[in-house]
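Written below as structure tokens is the structure these notes are about.
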Amino acid sequence: MENFKKNKGFYTLIIVLVLGFLTGVTLCFLSNNSRAEEEKKLANQLSNYRKLLKGQEIISGVPPVSLTSKNVDASKQDYDALVKQRDDLRLVISAVSTNRFVGKENLASSDLASSIKQNVDEWTKLAADKDIRMLPNEKCDFGFRRYIRNPGTSPKGATLAKVDQQLKIIDFLYTTLVEARSSSPARTAVLLQSIDREPIETYEIIAAGKPNAGSFGPVDGARGENDEFSPTRTFRNPPLIDGLSFRVRFVATTPTLRTFINKIRTSGRPVVITSIEINNPQPESLKVLGTNTMANLGVPSQAIADQIDFTATPVLGSSATPTAPAKEERKVVVHQNFSEITLQIDYLYAPEDKPTSEAEPKK
């Protein structure tokens, strides 16, 4: 210790050198381990690369597929073909973007409620202008009865864009039905019973058993309205195809139904008819249409017999000069029937089609 005190600088230098040596040895050891790890990773990569160049046997008996420029080009072509097929299928399902119905994102609940009320009022006025009749004791609310008949309620949360999308689709279906009527003065009337939609929002049941009009969610015991329905058949197939279902119920003649279907089919919209039901109309429906009798399927046989002049037919072998045939006169044999028609219609779209903030032009 006495010697250390006398040569303090020398011993301090020795200690520093020893510590430096130990630090160098430690760093060399760690560096060597890191190098070994890198060499191992590099060896694995080289091994994988050699395997790729050698090729992978995909099908037994077929030469292995290797990573050559020819195979890379072929793989890229296959990928591009798959992308094109996917886009073509999406186009078939969802149609071109300009023909899709897209709900507005970031839409305020109050704005949507106001839009629903405004549209229902406009549709009701259009019905009066175009002689689209409705049952006097059952006013049509076009699928939005819960909002029209419960002032102060409105869609909330994640359903806003979907309900706005339904609003646009119902507008298309209704205006197409209005346009399906003949433009002739003798056109027959149409009785619109209802346009129903598939509910995508539900009321939450409170303790008293009454629905809480301001709350939504997939809760058991949720209630539906008369103009909401569960589809009996649909083309949706998640996650490949999704859709929204609607039901149009009206009383009209066959030409109106045929024109309505053809207009939907040629509209370019991603809309399909999933089911058609045709029944005899109820007496109250015929009364609203201005008739209280069922349309005849044809003229009674006795009436047809009374219209035939048997005396004008020459007797075989007689020398009498046959009389000139009577002028042909067309007579109605089959009358236009009023039918109660129920159409279930699906709006289809690809699940990856997301609502945008772009607002469609106001009608």
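The values are calculated or read from the model by the stated rules, or taken from the named source; none is laboratory data. Bear in mind the structure is a predicted one, so any value in this text is a computation, not a measurement. When we count neighbours, we look across all protein chains shown, and the Cβ atoms used for this are built from the backbone with ideal geometry, even at glycine. Calculation scope for accessible area: heavy atoms of the full protein, side chains included, ligands and nucleic acids excluded. Shrake-Rupley method; radii C 1.70, N 1.55, O 1.52, S 1.80 Å.
Details
- Measuring with a 1.4 angstrom probe and ignoring ligands and nucleic acids, residue 253 comes out at about 10 Å² accessible.
- Taking each residue as 0.36 nm, the span from residue 342 to residue 54 lengthens on full extension beyond its C-alpha to C-alpha distance by 97.2 nm.
- With the simple model of a label 7 Å out from the Cα in the direction of the Cβ, residue 33 to residue 254 spans 9.0 nm.
- Order of exposure, largest accessible area first, which applies to 70, 40 with probe 1.4 Å: 70, 40
- Heavy-atom accessible area order for 122, 340, largest first, 1.4 Å probe: 122, 340
- With DNA, RNA and ligands ignored, accessible area of residue 146 (1.4 Å probe; Å², nearest 10): 0
- Nearest-0.05 FRET efficiency for residue 76 and residue 22, computed from C-beta distance (R0 41 Å): 0.15
- When the listed pairs 84/162; 104/156; 84/168; 104/130; 117/162 are checked against a 19 Å cut-off, the alpha-carbon distance exceeds it for 84/162; 84/168; 104/130.
- Counting 0.36 nm for each residue step from residue 137 to residue 279 and taking away their Cα separation leaves a gain of 49.0 nm.
- Ranked from largest to smallest solvent-accessible area, with a 1.4 Å probe on the protein heavy atoms, 346, 80, 171 come out as 80, 171, 346.
- Sequence ranges 233-239, 104-110, 42-48, ranked by mean other-Cβ count within 10 angstrom, highest first: 104-110, 233-239, 42-48
- Label-to-label distance for residue 118 and residue 232 is 3.7 nm, based on points extended 7 Å past Cα in the beta-carbon direction.
- Between 52, 92, 114, the Cα set farthest toward the positive side of the dipole of region 1-117 (charges on each charged residue's Cβ, about the Cα centre) is that of 52.
- Note on region 53-155: with neighbouring protein chains present and a 1.4 Å probe, carbon and sulfur make up 55 percent of its accessible heavy-atom surface.
- Two-site label geometry, residue 183 and residue 265: point separation in nm, points 7 Å out along Cα→Cβ: 2.2
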